[in-house]
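These notes concern the structure reproduced below.
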Amino acid sequence: MRRRKTRKSGGGSDQLAHSLFRDALRTLNWGVTIGTDTLSALGTGIAVPTTVYGRLDSGQNVSISSYTDTVTVTLRS
């Protein structure tokens, strides 16, 4: 079983657990280990669209609401 990095987004007082992935099958985590679960690219000054896939954890008993999260991107030279 692959270990997932679970995140939580807020909708009022409720939290909705979810995970972010790099592939459509949701087997490759987005994470913080350089060269393992991060993206490496050469910067050219041109925007590079990147697809992020998500999955909500099942069995969550939360209110109907609008849930948001913030993903922070770190660029290193």
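Odds and ends about this structure:
- Selection within the range 20-34: residues that are closer than 14 Å to residue 72 by Cα and touching a strand residue (DSSP E or B) at 6+ places or on another chain (Cβ under 6 Å). The member of this set that is modelled with the lowest pLDDT is 30.
- Beta carbons closer than 9 Å, at least 6 apart along the sequence or on distinct chains, pair a first residue in the range 24-40 that is among the small types (Gly, Ala, Ser) with a second that is assigned to a loop (DSSP other than H, G, I, E, B) for 24/51; 31/5; 31/37; 31/38; 40/34.
- Out of 38, 44, 33, 51, sole residue that is more than 20 Å from residue 15 (Cβ to Cβ) and either charged (D, E, K, R) or surrounded by 10 or more Cβ atoms within 10 Å (Cβ to Cβ) (or both): 38
- The single condition among (1) modelled with pLDDT of 80 or more; (2) more than 11 Å from the chain's Cα centre (by Cα) that residue 56 does not meet is (2).
- Within the range 35-49, the set of residues being more than 12 Å from the chain's Cα centre (by Cα) and within 27 Å of residue 16 (Cα to Cα) comprises 36, 39, 49.
The values are calculated or read from the model by the stated rules, or taken from the named source; none is laboratory data. Keep in mind the model is a prediction, meaning the values are calculated, not measured. Cβ: placed from backbone, ideal geometry, glycine included. Neighbour counts: every protein chain shown.
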